[in-house]
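Enquirer: This is the structure I have questions about; it appears just below.
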Amino acid sequence: MIRHGRWLVFTSLGAAMAIGGVGCLGSESDDSSASNETTTMVSALSLGDALPGTNAAAFAAAKANFGQTETQADGLGPIFNERSCSACHSVGATGGAGQNIERRYGTLTNGVFNGLGATGGSLRQLFGIGGFTPSPGLNCQSGVDANPAPGATIFAGRVTTPTIGAGLVELIPDATIQAIAAAQPAAIRGIVNFDTVHLTDGPFVRGQTRVARFGWKAVHASVTDFAADAYLNEMGITTTSCAAGQVVSDFATENRANRAATNAVINGCPDDDKPGVDDDFAAENNNCAGGLTAVQDDVANFAFFMRNTAAPVRGIDNSNGRGLTEFNREGCNGCHVTTTFTVNINGQSASFQPFSDFLVHDMGALGDGIGNDGDSVAVTRRMRTAPLWGVRFRNALLHDARTSDKGVAIQAHAGQGAAAAAAFNAATSAQRNDLLLFLSSL
Ligand code: HEC
Ligand code: HEC
């Protein structure tokens, strides 16, 4: 089925929604105004529930697709990390963070980053499908990515980030993020990352330059682009889509184990390295004839699910507000900004507090050392300010999941985060305790 117009617009419920940070649990009982009902309704949401105004049947179907276990017959592999999106995105709710720590590699060549593209690229795929028979009598082998990649000298772990509330983040105007950067003091000023939009969907148009905000390094601007990227790189499922009558094959090239010619391509087996082998949506739709714009069905469903999950609802702050004061005093809000963003989604106004500037910062020794080919070492140390909403549901913190202890995570801040770590270390134990209580309410 060809899917058009996934940016569903529903009739407004007539009231502004208070989501996450604004309608926090502690304040609703002493507010008898009309907005109280809305707040109470939204506060009743559990992690991973749909945004108010989302079509329930469409959400359930998209969520099921996000949780669907794929097989070789569906296009899984030849190399992959997991069989479904929710196999990794599962902590607290479908779409949550994960325990799965991916492996990234690279090396420095003449002082600049080299992602070892010739031997499999900087992301390691853990599994291979092994033997496969693309046509009768043709017995092929996927091979597996070598660990470590040949020549690698830089090793990084990346734990799964949550996608909950991603549809709200996606709609923060580029100019808002750029203005936050401009207003930051030079010592902690973040860098705005940009991406060129791949898939035309909703307000995103292929070829546009937009502020990238998703992932540990802020690499993509839209959840649709991230979904197609994840389908390919985590599950080995290639797709094509259509943008204004043009075939988009950016996510149509299979990964081969370490890119070795002898791995996926053995004994005359076809190189599964061309568009459409898994789901050539464009070909199925007459190569986008008639100016068609549509995203491949699964990718569209993943995007629909992610962009219609509500923000994590705030928990109770047992520091009685002192922790937030401490958060600001120690300079945490320099990057984990306390800004309440407001966007329009499902025909309604939604406000949320993700506690991130969605900028990347030079985090010194905490940076993971991974970048794009040609990046300087300083650029490879840049990490996106981790959004702190929903951090109480998390059990694996920092990009490599090195700790579950929030205090340890704070003390690991280096580079532009070093002053905040020092302020935390210099605080009294009562102040630290208040700060940690506040974080546990997010
Ligand atoms: C093998 C585990 C794994 C699977 C399977 C997986 N992901 Fe992820 N996901 C991750 C990791 C790890 C990250 C962080 C990646 C990074 O930034 O390096 C991530 C990040 C994301 C993000 C960015 C969230 C943010 O705000 O930073 C989105 C969106 C996403 N994944 C969507 C998907 C979709 C859709 C699927 C299924 C097609 C999927 N993922 C499958 C591990 C996985
Ligand atoms: C210079 C910007 C900056 C400042 C200031 C800063 N952080 Fe962070 N914070 C980051 C970045 C970037 C990350 C992600 C780092 C990584 O994992 O590589 C992060 C990660 C975290 C995490 C882990 C979240 C997760 O998803 O794993 C916590 C908790 C945290 N910060 C709390 C704080 C607190 C509390 C303060 C104040 C004491 C603070 N931060 C100050 C930039 C900052």
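Enquirer: As a check on your grasp of the helix formula, calculate [θ] at 222 nm for the chain: sum -39500 (n - 2.57) over DSSP H runs of n ≥ 4, divide by the residue count, round to the nearest 500. Write out the running numbers ahead of the final one.
Expert: Numbers: 13 runs with 105 residues, N = 442.
Taking each H run of at least 4 residues, the total per residue is -6500 deg cm²/dmol.
Enquirer: Within 10 Å of each residue's Cβ, count the other Cβ atoms and sort Arg104, Arg402, Arg307 from fewest upward. Mind dumping the intermediate values first?
Expert: Working: Arg104 23, Arg402 16, Arg307 28.
Arranged by neighbour count, lowest to highest, Arg104, Arg402, Arg307 become Arg402, Arg104, Arg307.
Enquirer: Sorted from largest to smallest, which semi-axis lengths in Å does the alpha carbon gyration tensor of the chain give for its equivalent ellipsoid, taking the root of 5 times each eigenvalue?
Expert: Details: eigenvalues 274, 156, 69 Å².
So the equivalent ellipsoid measures 37, 28, 19 Å along its semi-axes.
Enquirer: For the chain, take the longest principal axis of its alpha carbons; what is the angle in degrees between that and the long axis of helix 223-235, to the nearest 10 within 0 to 90?
Expert: With rounding to tens, the tilt is 50 degrees.
Enquirer: Now for a different question. Please compute P(r) over all alpha-carbon pairs of segment 331-398, binned at 5 Å starting from zero, and give each bin as a whole-number percent.
Expert: 4, 15, 18, 19, 17, 12, 9, 5, 1
Enquirer: Here's something else I'd like to know. Given labels modelled 7 Å from the Cα in the Cβ direction, how far is it in nm from Ala44 to Ile191?
Expert: Computed distance between label sites Ala44 and Ile191 equals 4.7 nm.
Enquirer: Spelling out what I want: for every residue of segment 294-304, take phi, set θ = phi - 60°, compute 6.51 cos²θ - 1.76 cosθ + 1.60 (Karplus), and round to whole Hz; glycine and proline get x.
Expert: So the J values, rounded to whole Hz, are 6, 9, 3, 3, 5, 4, 4, 5, 4, 5, 4.
Enquirer: Give me the dipole magnitude in Debye, nearest 20, for segment 63-115 about the Cα centre, with unit charges on the beta carbon: positive for Lys and Arg, negative for Asp and Glu.
Expert: Values: 4 positive and 4 negative charges, 26 e Å.
Here segment 63-115 has a charge dipole of around 120 debye.
Enquirer: Report the Cα centroid-to-centroid distance between segment 402-423 and segment 364-384 in angstrom, as an integer.
Expert: Measuring centre to centre over Cα atoms gives 18 Å.
Enquirer: Could you derive backbone 3J(HN,Hα) for segment 134-148 from the dihedral phi with the Karplus parameters 6.51, -1.76 and 1.60 (θ = phi - 60°), listing whole Hz in sequence and x where the residue is Gly or Pro?
Expert: Along segment 134-148, the couplings run x, 8, x, x, 9, 9, 10, 10, 6, x, 9, 5, 5, 10, x Hz.
Enquirer: Moving on. Give me the percent relative contact order of segment 64-170, please, defined on Cα pairs under 8 angstrom at least 6 residues apart. Working shown, then result.
Expert: Numbers: 185 pairs, mean separation 33.1, N = 107.
Relative contact order here is 31 percent.
Enquirer: State log₁₀ I(q)/I(0) for segment 47-108 at q = 0.14, 0.28 Å⁻¹ as given by the Debye formula over alpha-carbon point scatterers of equal weight, solvent excluded.
Expert: Result of the Debye calculation: -0.54, -1.18.
Enquirer: To continue, here is another question. Roughly how big is the chain's charge dipole about its Cα centre, with Cβ charges of +1 (Lys, Arg) and -1 (Asp, Glu), in debye to the nearest 20?
Expert: Values: 28 positive and 39 negative charges, 184 e Å.
Approximately 880 debye in magnitude.
Enquirer: Within 10 Å of each residue's Cβ, count the other Cβ atoms and sort Leu108, Leu398, Leu51 from fewest upward.
Expert: Numbers: Leu108 15, Leu398 20, Leu51 23.
Ascending number of Cβ neighbours within 10 Å: Leu108, Leu398, Leu51.
Enquirer: Which longest run of the chain has no exposed loop site in it, a site being chymotrypsin sites (Phe, Trp or Tyr not before Pro) in a DSSP loop with at most 16 other beta carbons within 10 Å, and the site itself not part of the run?
Expert: 11-442
Bear in mind these aren't lab numbers, they're just calculated from the coordinates by the rules spelled out. From a predicted model like this one, the values you see are computed outputs, not experimental measurements. Here the Cβ is made from the backbone with ideal geometry for all residues, glycine too, and neighbour counts use every protein chain on show.
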